[in-house]
Amino acid sequence: MLIYHNPRCSKSRQGLAILKDSNQDFEIVEYLKNPPSQDELSSIIKKLQIKPIELVRKNEAIWKEKYKGKDLTDEQIIKAMVENPKLIERPIVITNDKAILGRPPEIIKNIL
């Protein structure tokens with residue numbers, strides 16, 4: 001199991017606490033330090049069963065300045081998140097074939 005985590009985000013810290021309380025083995029990926037590749041992010045989005053735009057933090061300044069209001073393809077949205085990992089919504093918890101976006105963090109329990 002993996003958690004894509006940002007230690008500065010309260011929701012991400014809450015999600016991490018839920019995983020720690022579960023007593024299951026998991027790995028922490030601080031995605032701002034180690035951003036996913038385009039292929040990795042595409043795979044995560046597929047496991048989440050969402051459209052790429054649903055994983056974007058639309059209130060981030062970089063989104064508003066560079067991308068908001070543009071007609072972007074899914075691939076362009078994924079590329080924007082790879083180039084600017086701050087745009088990726090968090091936390092994301094991944095098991096072998098499933099993933100869940102911890103918004104709110106309590107729904108992480110559904111994947112455990």
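Which residues, counting only those in segment 1-33, are buried (at least 17 other Cβ atoms within 10 Å of the Cβ), of a type in the set (S, T, N, Q) and assigned to a loop (DSSP other than H, G, I, E, B)?
Within segment 1-33, just N6 meets the criteria.
Looking at S43, S22, S37, which is the one that is under 12 Å from the mean Cα position of the chain (by Cα) and among the small types (G, A, S)?
Residue meeting the stated conditions: S43.
Of the residues I108, I88, I100, I92, which is in contact with a Gly (Cβ under 8 Å, 6 or more places away or on another chain), of a type in the set (V, I, T) and within 17 Å of E30 (Cα to Cα)?
That would be I92, the only listed residue that is in contact with a Gly (Cβ under 8 Å, 6 or more places away or on another chain), of a type in the set (V, I, T) and within 17 Å of E30 (Cα to Cα).
Laboratory data are not the source of any read-out in this text; all were calculated from the coordinates shown. From a predicted model like this one, the values you see are computed outputs, not experimental measurements. We place every Cβ from the backbone using ideal geometry, glycine too, and count neighbours over all the protein chains shown.
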